[in-house]
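Novice: There's a structure below that I have some questions on.
The values are calculated or read from the model by the stated rules, or taken from the named source; none is laboratory data. Remember, predicted model here, so these are calculated numbers, not experimental data. So basically every Cβ, Gly included, is an ideal-geometry build from the backbone, and we count neighbours across all protein chains shown. Remember, those area values only see protein heavy atoms, side chains included, never the ligands or the DNA or RNA. Shrake-Rupley method; radii C 1.70, N 1.55, O 1.52, S 1.80 Å.
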Amino acid sequence: MERDSQLKLYGLVAEQLKDAHAKVRALQVPEGVRQALSRKLLVITAAAKHDLPDAARRLDRLMKDLDEGRFPEGR
């Protein structure tokens, strides 16, 4: 039963990551900001391999920040 819930969460996070990458690509922001966001997504992807619930929370926070127009500093 727990394995089924893990698989569902994995599928949900995978779909959200796909959507997040598309959203970042579509943003009209400086390249440094886009790179910073891409790095954040890569970190979340890596985290999902070890702690899926934490990765889901981090991804939700990032998407909320994007929706509210809060972007990281670009270099």
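Novice: Within segment 1-44, count every residue that is touching a helix residue (DSSP H, G or I) at 6+ places or on another chain (Cβ under 9 Å) and over 20 Å from K64 (Cα atoms).
Specialist: 1
Novice: When segment 27-75 is examined, which residues are found to be open to solvent by less than 30 Å² (accessible area, probe 1.4 Å) and over 30 Å from K8 (Cβ atoms)?
Specialist: If the condition is that a residue be open to solvent by less than 30 Å² (accessible area, probe 1.4 Å) and over 30 Å from K8 (Cβ atoms), then V29, G32, V33, A36 are the ones that fit.
Novice: Further question: Which pairs turn up if I take residues in segment 32-45 that are farther than 16 Å from K18 by Cβ and look for partners that are outside any helix (DSSP H, G or I) and of a type in the set (A, V, I, L, M) with beta carbon separation below 9 Å, at least 6 apart in sequence or on another chain?
Specialist: Listed pairs, sorted by first residue: V33/L27; R34/L27.
Novice: Output the residues belonging to segment 3-21 that are surrounded by 10 or more Cβ atoms within 10 Å (Cβ to Cβ) and acidic (D, E).
Specialist: E15, D19
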